[in-house]
Structures are given as C-alpha cells and as structure tokens.
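J.: Structure in structure tokens, see below.
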Amino acid sequence: MNLGALLRQPLVIALALIVLLLAFGEWLSPGFAAPQQILRLLIVAALLGIVAAGQNLVILGGREGIDLSVGGIVSLSAIVAGNLMNGTDAGIPLAILACVATGALFGLFNGLGVTLLRIPPLVMTLGMLGVLQGLLVVIRQGIPSGRAAPGLSQFVTQPVLLGLPGIIWLWIAIGVVMALLLTRTVFGHRIYAIGSNEHAAYMAGVPVRAVRVAIFVLSGVFAAIAGICLLGYSGSSFANVGEQYMLPSIIAVVFGGTPLSGGKGGYTGTMAGAVLLTILQSILTTVHIDESGRQMVFGATLILLMFFYGRGKAMRA
Amino acid sequence: MAAAAQTSAGGMRRWMERYPFLPALLILAVLLALNGLYQPRSVSLVGITGLVKTYLALMLLAVAQTYVIYAGDIDLSVGAIVSLVNCVIVVLMQYLGGSAFSALGAIGVGLAVGLACGLANGLLVAAFRLQAIVATFATSIFFTGIALYVLPVAGLPAPAAFWRTYGGRFLDIPFVFYVAVVLAVILWAMARTRLVMQLLAVGDDAQRAYQSGLPVTSVRVRGYALTGVFAALAAFCVTGDTASGDPLVGGKMTLYSIAAVVLGGTALSGGFGTVVGSVFGALIIGLINSLVYFVGTPSEWQNLVQGLTILIALMAGVIVGRRAQG
C-alpha cells in the first residue's frame, strides 16, 4: 500500500462508520437520516469540529500536545459575546473581536508556559482550565448571561446559501483553510516537523518555540469562535456550556486518524470524526433508554471504535 | 569556595533525587503556617481533623493516579470509579440492612469493583494498546453509566454505622487518623514492592525494560488494577464524608488527582516520583482552598484565586522538579 492510501485510511473508516450509523439510526427511528435532520446534526458537529480544529493543531505539534482549556475558553467566549452583543446585531463585530482576542490571549499564556517554562501541555492547560472556571464564576456574579444577536442566531441555525446555514459554510471554509495550511504552507510543514521530531526540526532551523506558541494561540482562537457560534445556537449562554467539548474534541481528532503522539494526521479526518461522534450521540438521544444505558452504550461504542484507530505498536526486542 | 558551593548544590540534587516531594513539603509547610496565621483554629486538632476528613479521599485518589503515572500512563476514569464504588456500597449496605457486618461486606465488594474497573482499563490500554487518555475517558463514561444504573439519583443515605465510624473517634482519637496511619504504613510497604519498581522501570524506558526481560504489558495492567483498588479506597472515604450515594460524586475529582500528582513532584512522563508527594499535593490543594477562604476573599473571587494559585504551584512544581532531576 502506498503512503497516500495509508494516510487516507482513517478518513475512509470514519466515513464508512458515518454511513453505517446513519443507516442504523434510520432503521431505529425512521426520519433520522432525513435531510433536515442531517443538517441539524451537521450544525452540532460543526461546533465540535471548530473546537477540534485547534485541538488538532496542538496534538499534531507533538510533545504530548493536548489542550484541556478549550472547554473553558468556549464558555468564556460565549458569555463575553452574549454580553457584548446583548441581543443586537450592532454588537456583533465588537463581540467577535473581543472573543477572538480573549481566546488568543489564553492560548498565548498556554503556549508561553509550554515553551518558555517547559511545562507539559497537559499540566499547563489543566491549570489554565481551573483559572478559566474561576474567571467564569466571577463574571457570572457581576453580569447577566447575555443574549445572542438575531443575526448571529440566524447565521448558525438558518439557511443562508444553497440551503446551508452559515455555520456549515464557516466550517467548510475552516476545513479548506486547515487543509491548505497543513499541506501547502511552511507553517503547516513545520507543525508536522516539530510533531514528529522536535530535535531534528530544531536542528533544521525550524523556530520550534514560535510554532508551538502559534498553535496554542490558534487553539484558543478556534475555541473562541466555537463559543460565539454556540451562543448563536443556544440563544443565550449558560454556566460551563463549553465543558462538554473538552474531551470530545480530543476524541474527534483521534477518530479522524491523528494519533495523540502527533506528527501525522490532518483536519479532514477530524471533521469526519466530529460528525461521527455527533451522530453517535444523536442516535443515543433518539432511542428510548435510560441515561444509565445511554452512557454505557456510548462509552462501550467509543472503546469499540477506538480499535479501528491508532493502536500503539507492540513491544519488540 | 566554588568547590564548596558545587558540593552543596550536588548534595541538594542528591536530596531531591531521593526525596522528590521536598518542594511539595515546603509549600505544604508554608501553606499550613499561612492558614494558621489567618485562622489559628485551622491548625488545631479539630481543624486538622476536618482537613484530613475532607481531603483523605483526594489523597487516596492522587495515590491511585500516581501508580499509573509511574509507568507513563494516565487514568481519566478514577473519578468515575469513585462514583461507581460509592453507589455500589451505599446501595448494597441499604440492601443488607445497614449493620456493621453489611458495611464490611460492602467494603469487600467495593474493592472488587475497583479492581475490576482497573483491570478493564489496564487490558484496554496495555494489552489492546489503546491510547490511555481517550480509552480511560471512554471507560469513565461507561463506569458512570453503571453508577447511574445502580443509583439513578443522588441522595440515598449511607447507614449511620458507616459515616459515624468515619467521622467519629476511637479511644479519643479521630478515626480518620487511624486511617491515615494505616495508609502511611501501606504506602511505605508498597514503595518497596517489586511491582512499584517495575512500574517505575517501565515509565523510565519501556523499550529498555522490555529488552531486559520485564513483562511490560502485565506490569502496566497490574498498575491500572492497583489504581482501581486505591480509587475504591477513596470512594469509601467519600462515602464516609458525604454519608450518601451520588452517581456523579467523583467526576470532578479526576483532574484534581492529576494536579495533586504533579504538585507532588512526580513526572507525568513516568519513571520518577513518590506517592508521598501525591498525598502532599492533595493536601496542598486542600490548604489552598481553605487559605483562600480564610484570607477573606469575596466568595465570587474564591474559585479564580484558587485556580490561579494552583496554576502557579503546578508551574513552580514542574520547574523545581526538573532542576532536581538535572
């Protein structure tokens, strides 16, 4: 098998599983795979997928790269956006600017801690998550939760072009930009380089620290964008709304064929991974079983699916 | 002069190599002093008893997490195991009538449940070679599902015999101190076992450990099993402290257990660390939380100040620990 086919493999697996799950959902509850339903699924998947874009970059960069703070940034961004627009379209540009700046700032802190102070990413972003959660408590005491601007809600939930909502177009655009970034730009090649062998990349003149800081900043920015979209999807922001994205964003990346060891993989697979995860969750809410059964089936299915992806190498003497 | 300074630096390094928890101990002492300064009663017998009673569960969970981290693994399901064992023993004790005998039976079953969860994690991560972070996240969802099946809603009270014992006194000494002493002896004995040595060897360099004939897979599975058992012990303390069953009680403890391990000077990459450090790490988190309260931080700012302090302590711990390892 040639290298190209090998790299595409996880994407094929994910797509096959998506079709399989859609068929299964349709069999369980007719109408599950109706166009309107699929569109709704894609909107929910886009929210996860946008968070996973940043997570993807951090994981690709290797050195046990992981960002546990994304959930906190999503929550913070949603509440900041809700207050700045407060139900009016005029506030949208300022809200976007403020949220992106906030996400970038926390990403910058993460990146500087990981590079300059050489704190392991898991520790740095775990600590940052605690700070973000504390910050959310402070903000929530002082101000109301805020409302989405009608324009934003429309962008996320209503069709804008060719019957697709704006958020789908945004996600497609992010997918294209990520694919170009990773395959066609020096920056993208450098991410793979530091992810597969940081020392070799350094010797080859790659500004390792700058690249690593940049991917953490981008992770914060993507999480902030997802937070704004989430506000548009739910209408108002509520407590710790972003928490549900922390570990699923990592799973989406893994299901997309990017192993946690970094250095290989890409975003197209991650998009499929996000859709796969969303369909799975949606099927479980469709069938009439207890919360307990739902969680057991979800956990077991995740483990089952993991057998298709990135199993480690066996020990050899 | 220069030579003397060098030897003292070298001696310092040797000390840190033997006792990687020294920075944690120092932070702990400073925090205790600060707690005492702002609230003298907090360092009295009653205050310390309360602290130990509340944070014994996190100490045990941090210890649990340490054993897998020794081998370079991680377990994101420890909190879910706590929830599951908590629900199982509370329901079981209720079913058996709530006597002291039923409590002993429930503790036995609880240990078995923790062991089974740990073995399941170990098989998935070590034998089937799934990635530890995502696999144990998936099992945490599964374990939480079982906990919800056993006890769908929080609030079933634990029998009085159970929590009265845990919160009570025996020969005028609070029960939790006996637990702490027994725990200290167990940890002391455990640190000398072959399994712990093997876990550290695997974490240091799995390939070399394998080549020198260590059964790496089996060692890692046993590490996860040990983690499961200690998570069950943590669940007993949670049950004693909260006096009820709650299918989600442990969820938030997972990330704190990892933070405690790092605060204690154990390397996340494996091969280096101590369980004593993790115990100190858990106490540091507890003392930071109480200190933030004692200095009179307005309630809405407490979480932020706690979060910032823990982040700074984590960063300082990593930096000092790296100096020590050289």
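J.: Restrict the check to region A:167-177 and report whether at least one residue is in contact with a Ser or Thr (Cβ under 9 Å, 6 or more places away or on another chain) and more than 14 Å from chain B (Cβ to nearest Cβ).
T.: yes
J.: I'd like to know if region A:237-248 contains one or more residues that are closer than 17 Å to residue A:167 by Cβ and touching a strand residue (DSSP E or B) at 6+ places or on another chain (Cβ under 9 Å).
T.: Scanning region A:237-248 turns up at least one residue that is closer than 17 Å to residue A:167 by Cβ and touching a strand residue (DSSP E or B) at 6+ places or on another chain (Cβ under 9 Å).
J.: Can you say whether residue B:119 is modelled with pLDDT of 95 or more, in a helix (DSSP H, G or I) and over 26 Å from residue B:20 (Cβ atoms), as far as the supplied structure shows?
T.: Judged against the criteria, residue B:119 is a match.
J.: If I go through region B:96-136 residue by residue, how many of them are within 13 Å of residue B:229 (Cβ to Cβ), of a type in the set (Gly, Ala, Ser) and away from every other protein chain (no Cβ under 14 Å)?
T.: So the answer is 6.
J.: Tally the residues that are closer than 20 Å to residue A:127 by Cα, surrounded by fewer than 20 Cβ atoms within 10 Å (Cβ to Cβ) and either within 14 Å of chain B (Cβ to nearest Cβ) or over 20 Å from the mean Cα position of the chain (by Cα) (or both), restricting the search to region A:67-105.
T.: Here the count works out to 0.
J.: Consider residue A:125 carefully, then state whether it is among the β-branched types (Val, Ile, Thr), within 27 Å of residue A:265 (Cβ to Cβ) and touching a residue at least 60 places away in the same chain (Cβ under 8 Å).
T.: Here the answer is no, as residue A:125 does not meet what is asked.
J.: A further question on this structure: I'm checking my understanding of the structure. Among residues of region A:116-125 that are assigned to a loop (DSSP other than H, G, I, E, B) and either of a type in the set (A, V, I, L, M, F, W, C) or more than 12 Å from residue B:318 (Cβ to Cβ) (or both), which one is farthest from the other protein chains (Cβ to nearest Cβ)?
T.: Out of the qualifying residues, it is A:116.
J.: Right, something else. Restricting the search to region A:83-111, which residues are among the polar types (S, T, N, Q) and assigned to a helix (DSSP H, G or I)?
T.: Listed by number, the residues that qualify are A:83, A:102, A:110.
J.: Filter region B:18-69 for residues that are crowded, with 21+ Cβ neighbours inside 10 Å and among the small types (Gly, Ala, Ser); which is farthest from residue B:255 (Cα to Cα)?
T.: B:42
J.: Working only within region A:295-311, note down all residues that are within 7 Å of another protein chain (Cβ to nearest Cβ), closer than 18 Å to residue B:77 by Cα and not aliphatic (A, V, I, L, M).
T.: A:295, A:298, A:299
J.: May I ask you to verify whether residue A:113 is within 14 Å of another protein chain (Cβ to nearest Cβ), within 30 Å of residue B:264 (Cβ to Cβ), modelled with pLDDT of 80 or more and crowded, with 23+ Cβ neighbours inside 10 Å?
T.: Judged against the criteria, residue A:113 is a match.
J.: Here's another thing I want to ask about it. Has region B:69-90 got at least one residue that is outside any loop (DSSP other than H, G, I, E, B), small (Gly, Ala, Ser), more than 10 Å from every other protein chain (Cβ to nearest Cβ) and within 20 Å of residue A:251 (Cβ to Cβ)?
T.: Yes, region B:69-90 contains at least one residue that is outside any loop (DSSP other than H, G, I, E, B), small (Gly, Ala, Ser), more than 10 Å from every other protein chain (Cβ to nearest Cβ) and within 20 Å of residue A:251 (Cβ to Cβ).
J.: With A:42, A:20 as the choices, which residue is hydrophobic (A, V, I, L, M, F, W, C) and either within 14 Å of chain B (Cβ to nearest Cβ) or touching a residue at least 24 places away in the same chain (Cβ under 8 Å) (or both)?
T.: A:42
Residue by residue, here is whether (1) in contact with a strand residue (DSSP E or B) (Cβ under 7 Å, 6 or more places away or on another chain); (2) acidic (Asp, Glu); (3) closer than 20 Å to residue A:220 by Cβ holds:
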residue	(1), (2), (3)
A:128	no, no, yes
A:133	no, no, yes
A:139	no, no, yes
A:148	yes, no, no
A:154	no, no, no
A:160	no, no, no
A:164	no, no, no
A:167	no, no, yes
A:172	no, no, no
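J.: Any residue at all in region A:237-255 that is away from every other protein chain (no Cβ under 14 Å) and either of a type in the set (S, T, N, Q) or within 20 Å of residue A:185 (Cβ to Cβ) (or both)?
T.: Yes, some residue in region A:237-255 is away from every other protein chain (no Cβ under 14 Å) and either of a type in the set (S, T, N, Q) or within 20 Å of residue A:185 (Cβ to Cβ) (or both).
J.: Would you check which residues across region B:146-172 are part of a helix (DSSP H, G or I), surrounded by fewer than 24 Cβ atoms within 10 Å (Cβ to Cβ) and within 9 Å of chain A (Cβ to nearest Cβ) and list them?
T.: Selection gives B:146, B:148, B:149, B:150.
J.: Hey, can you tell me all the residues within region B:18-65 that are in contact with a strand residue (DSSP E or B) (Cβ under 6 Å, 6 or more places away or on another chain) and free of Cβ contacts under 8 Å to residues at least 40 places away in the same chain?
T.: Matches in region B:18-65: none.
J.: Here is a list: A:233, A:202. Which entry is of a type outside the set (A, V, I, L, M, F, W, C) and without any contact (Cβ under 8 Å) to a residue 60 or more places away in the chain?
T.: None of the others qualify; the one that does is A:202.
J.: Applying the selection to region A:265-286, what residues are more than 20 Å from residue A:172 (Cβ to Cβ) and within 14 Å of chain B (Cβ to nearest Cβ)?
T.: A:280, A:281, A:284
J.: Right, another one. Restricting attention to region A:222-245, which residues are under 23 Å from residue A:64 (Cβ atoms) and surrounded by fewer than 24 Cβ atoms within 10 Å (Cβ to Cβ)?
T.: A:243
J.: Hey, which of the helices (runs of 4 or more DSSP H) in region B:208-326, taking only ones fully inside, have at least 3 residues that are within 18 Å of the chain's Cα centre (by Cα), in contact (Cβ under 8 Å) with a residue 24 or more places away in the chain and more than 14 Å from chain A (Cβ to nearest Cβ)?
T.: Because the criterion is at least 3 residues that are within 18 Å of the chain's Cα centre (by Cα), in contact (Cβ under 8 Å) with a residue 24 or more places away in the chain and more than 14 Å from chain A (Cβ to nearest Cβ), the helices (runs of 4 or more DSSP H) in region B:208-326 that meet it are B:216-242, B:275-294.
J.: Oh, and also: Kindly evaluate residue A:268 against the criterion of being buried (at least 24 other Cβ atoms within 10 Å of the Cβ), of a type in the set (S, T, N, Q), in contact with a Gly (Cβ under 7 Å, 6 or more places away or on another chain) and in contact (Cβ under 8 Å) with a residue 60 or more places away in the chain.
T.: It is false that residue A:268 is buried (at least 24 other Cβ atoms within 10 Å of the Cβ), of a type in the set (S, T, N, Q), in contact with a Gly (Cβ under 7 Å, 6 or more places away or on another chain) and in contact (Cβ under 8 Å) with a residue 60 or more places away in the chain.
J.: Okay, moving on. Could you please find all residues in region B:70-80 being over 13 Å from the mean Cα position of the chain (by Cα) and within 14 Å of residue B:253 (Cα to Cα)?
T.: The answer is B:80, and nothing else.
J.: Sort out which residues of region A:294-312 are among the aliphatic types (A, V, I, L, M), modelled with pLDDT under 85 and either exposed (fewer than 15 other Cβ atoms within 10 Å of the Cβ) or closer than 14 Å to residue B:132 by Cα (or both), and write them in order of number.
T.: A:306
J.: With surrounded by fewer than 23 Cβ atoms within 10 Å (Cβ to Cβ), over 18 Å from the mean Cα position of the chain (by Cα) and within 14 Å of chain B (Cβ to nearest Cβ) as the only criterion, which of A:154, A:133 stands out?
T.: The conditions single out A:133.
The values are calculated or read from the model by the stated rules, or taken from the named source; none is laboratory data. What you see is a predicted model; the values in this text were computed from it and never measured. Virtual Cβ from ideal backbone geometry, glycine too; neighbours counted across all protein chains shown.
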